[in-house]
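Below: the structure, in structure tokens.
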Amino acid sequence: MSSRLLATPSLAGPALTELQARFPGLQLAPFRSPAWHAALPEAEALVVVLSEPLTEADLAAAPRLKVIGTYSVGVNHLPVAACQARGIAVANTPGVLTDATADLALALLLALTRRLAEGEALVRSGTWRGWAPDQLLGTGLAGKDCGILGSGPIGLAFARRVQALGMTPLFWSRDGRGGLVDFGTGRAPRLPLADLLPRSAVLSLHCPLTEQTRGLLDRAALEQLPAGAAVINTARGGILDENAAIDLLESGHLGGVGLDVYDGEPQIQPRWLTAPRTVLLPHLGSATVETREAMARQLCDGLAAALG
Ligand code: DGY
């Protein structure tokens, strides 16, 4: 049946290639176009990307729906509780983008603390006059503590990376557990936020956006970080209070902010564009060829399993 699996053209690239190869009846319609709405009543599978939020009303319009697929590990754009209540499976891509996302968080951390964007701009400007003892001095990382919000696979992978830089990882997790986290190449304490924040020269976000984590890093939390701390967000924009972060950058309390994700992306709070000591990326966490191919295979496996 041609309308059995409904996807959007935003999936261009490996996901679309894999979907077309494995689901010959695939129907493509732009998200929320008349054709997309018209196909909902017959759809057994709906596939979207993370910038295409689905609602409970969409589920109500799709009575035959068996599975929602998303080309992401994050599911904050999906009505997950309503899916569970109706027995609709959710096919996402956990696991395969762990290293790519942790690598990108590390790239942001190094770009920020070693002022790579400013250095590159200086060379490209043609005004560089050569090595100077006080030129673009950054901040060293070895010997400092790195707070990691989230002890899932990406948080653990990031801990291994910062440990290799000589930093000490500290974890916070949503379930409030204490004890030690085994991150593969070492063990690190899981602390309450109030204990972790004042110690974190670097704070990196690796938890999903849920009702519990929305606004978790608000002004009061950011103010608990030590002066000069760097904040890295490759998770979801809504976890960080962006206005508070910009205020604290401008006041000098925060040493820098590196972002790959934004609240309400692709719209970006205009204050980011002029905020000091920032590195801003366009949601590149999983953007490697290998990762996107693996995500495509995993997504299609999940859809096939649910469709039976
Ligand atoms: C995801 O898959 O949720 C990531 O944010 C993509 O980079």
Checklist outcome for this item: Evaluated at 10 °C and 1.306 mPa s, the Stokes-Einstein D of the chain based on the Kirkwood radius over Cα pairs, in µm²/s, stands at 76 µm²/s
Checklist entry - Using alpha-carbon pairs under 8 Å, 6+ residues apart, how would you state the relative contact order of the chain in percent? => result 17 percent
Checklist entry - Just how large is the dipole of segment 164-308 about the Cα centre, in debye to the nearest 20, putting +1 at every Lys and Arg Cβ and -1 at every Asp and Glu Cβ? => result 280 debye
Checklist entry - Are there trypsin sites (Lys or Arg not before Pro) in segment 126-206 that DSSP puts in a loop and that have at most 12 other Cβ atoms within 10 Å, and which ones? => result 129, 177
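Label segment 44-130 by shape, choosing from rounded, prolate and oblate, from the square roots a ≥ b ≥ c of the eigenvalues of the Cα gyration tensor; if a/c is under 1.5 it is rounded, and otherwise prolate applies when a/b is larger than b/c, oblate when it is not.
Numbers: a/c = 4.75, a/b = 3.24, b/c = 1.46.
In terms of gyration-tensor shape, prolate.
Taking Cα pairs under 8 Å and at least six residues apart, what relative contact order does segment 241-308 come out at, in percent? Don't skip to the answer; put the middle values down first.
On the way: 42 pairs, mean separation 19.5, N = 68.
That works out to 29 percent.
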Item to check | Choice from 168, 127, 278 with maximal GNM fluctuation in the chain (Cα, 10 Å cutoff) | outcome: 127
Item to check | Cα centroid of segment 21-91 to Cα centroid of segment 237-282, whole Å | outcome: 31 Å
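Going by the alpha-carbon gyration tensor, a ≥ b ≥ c the square roots of its eigenvalues, is segment 94-136 rounded (a/c under 1.5) or, if a/c is not under 1.5, prolate (a/b greater than b/c) versus oblate?
Details: a/c = 5.72, a/b = 2.95, b/c = 1.94.
Since a/c reaches 1.5 and a/b is larger than b/c, the shape of segment 94-136 is classed as prolate.
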Checklist entry - Comparing 283, 253, 37, which has the greatest mean-square fluctuation in the GNM of the chain with Cα pairs linked when under 10 Å apart? => result 37
Checklist entry - Dipole of segment 129-244 (Lys/Arg Cβ +1, Asp/Glu Cβ -1, origin at the Cα centre): which of 202, 243, 164 lies farthest to the positive side? => result 164
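If a/c stays under 1.5 just call it rounded; otherwise compare a/b with b/c (prolate if a/b is bigger, oblate if not). Do that for segment 147-208, with a ≥ b ≥ c from the square roots of the Cα gyration tensor eigenvalues.
Values: a/c = 1.43, a/b = 1.20, b/c = 1.19.
Rounded is the answer for segment 147-208, as its axis ratio a/c remains below 1.5.
Loop-only check: which chymotrypsin sites (Phe, Trp or Tyr not before Pro) in segment 1-74 are DSSP coil with at most 14 other Cβ within 10 angstrom? Numbers along the way, then the final one.
Working: sites: 31, 36, 71; in loops: 31, 71.
Passing sites in segment 1-74 do not exist.
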Item to check | GNM result for the chain, Cα springs below 10 Å: residue of 126, 186, 74 fluctuating most strongly | outcome: 126
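Dipole magnitude of the chain about its Cα centre, charges +1 at Lys/Arg Cβ and -1 at Asp/Glu Cβ only, in debye to the nearest 20?
Dipole magnitude for the chain comes out near 380 debye.
Rule-based calculations on the coordinates, nothing more; no lab input. If you're wondering where the values come from, they're calculated on a predicted model, not measured in any experiment. Counting neighbours? That spans all protein chains shown, and the Cβs are built from the backbone with ideal geometry, glycine included.
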